[in-house]
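Read the structure below first, then the notes.
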Amino acid sequence: MHEEDLAIIKALVPVAWADDVFAEKEEATLEALLVAFNATDEERKLIREYAKEKKTLDDIELQDLSADDRRILLQHAVLLSFVDGEQGEEERQFLDALVVKLKLPPEEANELMAFAAERAKKQLEQL
């Protein structure tokens, strides 16, 4: 697995904890991403251990994320926020704070989030 991909998945852990609950569907989604990114057993174990305790925005290491990685992270974060069927207020607030943390231009971030939300809603309808 590439270091960048591992950094993105690690940064998604605080997103999963945004509503103070690391739900099974969120865990399964992170597991699916680990598979998609060809994570080794050691990398999977690292993420599982990391995710056991609540993580916050402060736990996201910006220096590990390139400008492109930050955009990918935001889109994945939006998708993850819908995984339990709906995006709650806490998750929306978290995403807004994530945009600031990632230092993304607000207009661009809004477009990325709208696109990701639309995709997430379509995928939910297919389930």
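The numbers here are math on the coordinates, done by the rules we state, and not lab data. Treat the numbers as computed from the prediction; the structure is a model and nothing was measured. Don't worry about glycine lacking a Cβ; one is built from the backbone with ideal geometry, like all the others, and counts go over all protein chains shown.
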Q. Taking only DSSP H segments of four or more residues, each worth -39500 (n - 2.57), what value at 222 nm results for the chain once the sum is divided by all its residues, to the nearest 500 deg cm²/dmol?
A. -22500 deg cm²/dmol
(Q) Greater than 19 Å separation of Cα atoms is the criterion. Which listed pairs, K25/K122; K45/K101; K52/K103; K25/K54; K25/K121, meet it? (A) K45/K101; K52/K103
Q | Dipole of segment 3-126, positive end: most advanced residue of G85, T56, T40 [Cβ charges, Cα centre] | A | G85
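Against the 2.2 N^0.38 Å scaling, with N counting residues, where does the chain land? I'd like the Cα-based Rg ratio to two decimal places. It would help to have the intermediate numbers written out before the result.
On the way: Rg = 13.5 Å, N = 127, 2.2 N^0.38 = 13.9 Å.
Against the empirical 2.2 N^0.38 Å value, I get 0.97 for the chain.
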